[in-house]
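The values are calculated or read from the model by the stated rules, or taken from the named source; none is laboratory data. All figures in this text were calculated on a predicted structure; none of them were measured in a lab. FYI the Cβ positions are ideal-geometry reconstructions off the backbone, even for glycines, and counts take in every protein chain you see.
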Amino acid sequence: MIQRPTIRTLTISALAAVALILGACGDSEDNADLPAAVPANPAETTPTETMTAPATATATGKTKSGISTDLSSKPTIPKQSGKGPTKLVVKDIVKGKGKAAKLDDSVTVHYVGSVFSSGEEFEASWDGGETAQFPLSKGQLIDGWVQGIPGMKVGGRRMLVIPSKLAYGASGSPPKIGPDEALVFVIDLKKAD
């Protein structure tokens, strides 16, 4: 039989939720170096939604977002629901414990990318068995990565939901990415120098 929650249970749950929210928003050491967004050019600031607290894993080793917390295997990105985002969404799946990446670092990552509207995967470093290495710099990457990776720590897994304007915009990247497509990436940070 399912029991209805008592007032005491609801009060404890409400206090726990408030504590969780305050803890995620506070100036703790864990959150101090995770920016809400790091614009390549401060004059080009774009609003960003950031979830700094790592997502809670379920018994299956996946978060509520459906992304695996197992860093030794390629994650699967579930099809997203609703309309594509208008601002960058940054969500830590696994919070790393190593060095935090910053702009102009050389970073080594494993990643999977999918199209927001269809859920179809268009690229994954995992498929070739090799990580990807590149400078975390404007002009080298799409703006969603330049703004969404800084602050991520080595050993972490992060999901970026990137609006079209911070991805490939009106031109897309044919044939796999159509015009004005939002993208979803799951990125594992292996190294930052």
Quiz item: For the range 41-65, how many residues are at pLDDT 60 or above and surrounded by 15 or more Cβ atoms within 10 Å (Cβ to Cβ)?
Solution: 1
Quiz prompt | Failed item in (1) hydrophobic (A, V, I, L, M, F, W, C); (2) over 23 Å from G66 (Cα atoms); (3) in contact with a Leu (Cβ under 9 Å, 6 or more places away or on another chain), with L183 passing the rest | solution = (2)
Practice problem: Enumerate the pairs (first residue in the range 82-93 and part of a loop (DSSP other than H, G, I, E, B); second residue anywhere and modelled with pLDDT of 95 or more) with beta-carbon separation below 6 Å, excluding pairs fewer than 6 apart on the same chain, so at least 6 apart or on different chains. | Solution: G84/F116; G84/A182; P85/V161; P85/P163; P85/A182; T86/P163
Practice problem: Could you check the range 96-193 for strands (runs of 3 or more DSSP E) lying wholly inside it with 2 or more residues that are crowded, with 22+ Cβ neighbours inside 10 Å? | Solution: 106-115, 157-162, 183-192
